[in-house]
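Just so you know, all these numbers are worked out from the coordinates, no wet-lab data involved. None of the values given here were measured: they were computed from a predicted structure. So basically every Cβ, Gly included, is an ideal-geometry build from the backbone, and we count neighbours across all protein chains shown.
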Amino acid sequence: MTVDESRFPSVEILGTTLHGPTLREALGLMERWIQEGIGETRAIFPTGFHGLWIGHQDPEFRAILNSCNLCCPDGIAPILISRLQGKRLSERVPGPDLFDEFMKLSAQHDYTNFLYGDSKVTLRQLERTLSGRFTSDLIVGTISPPFGAISKLESERDIELINAVCPDVLWVALGCPKQEKWIARNVERLKVPIVVGVGAAFRFAAGIVSRAPECVQRVHLEWLWRLAVEPKKLWRRDLLQAPRFVAAAVSEALMIRNGE
């Protein structure tokens with residue numbers, strides 16, 4: 001079940017529907033879902049061009065993106081494409097920003113969080129970083145699953161541990177598309193109000209990977225900063241996949257704008 005699209009602007013890019021809340025609105029929606037309790041587990045997927053491009057090529061993954069409760073633009077590319085279509089998504093809602101701002105809300109309102117993904121080193125450093133920033137205990141559990149495929153048995157064991165502590169939000173940092181697929185397979189068994197796929201957010205928040213300075217973010221060149229910081233990891237995505245995405249998405253946007 002997706003969020004009521006009448007509440008936010010929305011746009012379809014290469015078959016995937018993106019919702020356009022501001023960061024503040026997304027946080028407010030999360031708080032409302034927590035207050036409503038666990039009638040269902042809502043899924044949030046901050047998604048940039050990489051996820052949209054995978055969805056364009058893989059109908060099964062596109063269906064996963066379209067089935068989540070809130071799919072919001074993680075990067076600047078979907079914002080610019082929406083404007084080219086003649087529509088307007090409000091602003092980026094990057095996973096790292098959503099995570100960081102929700103940690104502040106958690107400290108104020110005693111929300112609890114479970115961290116699933118990344119390495120044990122990252123998780124330990126992140127817990128130390130958060131305990132240094134906030135006096136309250138925001139994290140009720142962490143799990144670093146296998147780097148490769150996660151078996152059904154391993155997932156079942158992990159979900160039992162997660163459900164046992166009843167966090168308000170489960171943050172999943174397995175990378176795209178692994179995290180979205182894991183959430184889609186297991187969302188019905190989770191007993192948490194919200195689950196969010198956040199990619200590299202844990203490493204940013206832990207200070208293991210540096211985010212671009214605000215001046216770089218303001219001119220929408222954070223992708224170039226990340227490419228310079230992690231070239232081995234991102235060169236194929238940013239230098240090979242990105243141009244293909246832009247060509248396909250711009251072509252589609254111009255057709256939509258021209259009423260074709």
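Relative contact order for segment 15-94 using alpha-carbon pairs under 8 Å, separation at least 6, rounded to a whole percent?
It rounds to 43 percent for segment 15-94.
Nearest-5 percent of antiparallel DSSP beta bridges in the chain?
Given both bridge residues lie in the chain, the antiparallel proportion sits at roughly 15 percent.
What does the charge count near Leu14 come to, summing +1 for each Lys or Arg and -1 for each Asp or Glu among other residues with Cβ under 14 Å from its Cβ?
Local charge sum for Leu14: -1.
Can you classify segment 109-174 as rounded, prolate or oblate using the Cα gyration tensor, where a ≥ b ≥ c are the square roots of its eigenvalues, rounded means a/c under 1.5, and otherwise it's prolate if a/b beats b/c and oblate if not?
Numbers: a/c = 3.00, a/b = 1.47, b/c = 2.05.
Because a/c hits 1.5 or more and a/b fails to exceed b/c, segment 109-174 counts as oblate.
Viscosity 0.692 mPa s, temperature 37 °C: give me the Stokes-Einstein translational D for segment 58-143 in µm²/s, with Rh taken as the Kirkwood radius over C-alpha pairs. Don't skip to the answer; put the middle values down first.
Values: Rh = 15.4 Å.
The calculation lands on 213 µm²/s.
I'd like to compare 117-124, 247-254, 94-101: which one has the highest average count of other Cβ atoms within 10 Å, and what's the full order after that?
94-101, 117-124, 247-254
Under a cut-off of 16 Å between alpha-carbon atoms, report the lysines in cross-link reach of Lys178, not counting same-chain residues fewer than 8 places apart.
Lys152, Lys233
Run lengths n ≥ 4 of DSSP H only: what is the helix-derived mean residue ellipticity at 222 nm for the chain, with -39500 (n - 2.57) per run over all residues, to the nearest 500?
It comes out at -15500 deg cm²/dmol, rounded to the nearest 500.
Where the centroid of each part is defined by its Cα atoms, how far is segment 96-157 from segment 59-87 in Å?
26 Å
Within 10 Å, count the other beta carbons around each residue, average over each peptide in 201-208, 24-31, and list them highest first.
Packing proxy ranking, top to bottom: 201-208, 24-31.
Could you tell me whether segment 1-141 comes out rounded, prolate or oblate from its Cα gyration tensor? Rule is a ≥ b ≥ c as square roots of the eigenvalues, rounded for a/c under 1.5, then prolate if a/b exceeds b/c, otherwise oblate.
Prolate.
Give me the tail of P(r) for segment 132-209 as a percent: Cα-Cα pairs with distance above 21 Å.
Tail of P(r) above 21 Å: 27 percent of Cα pairs.
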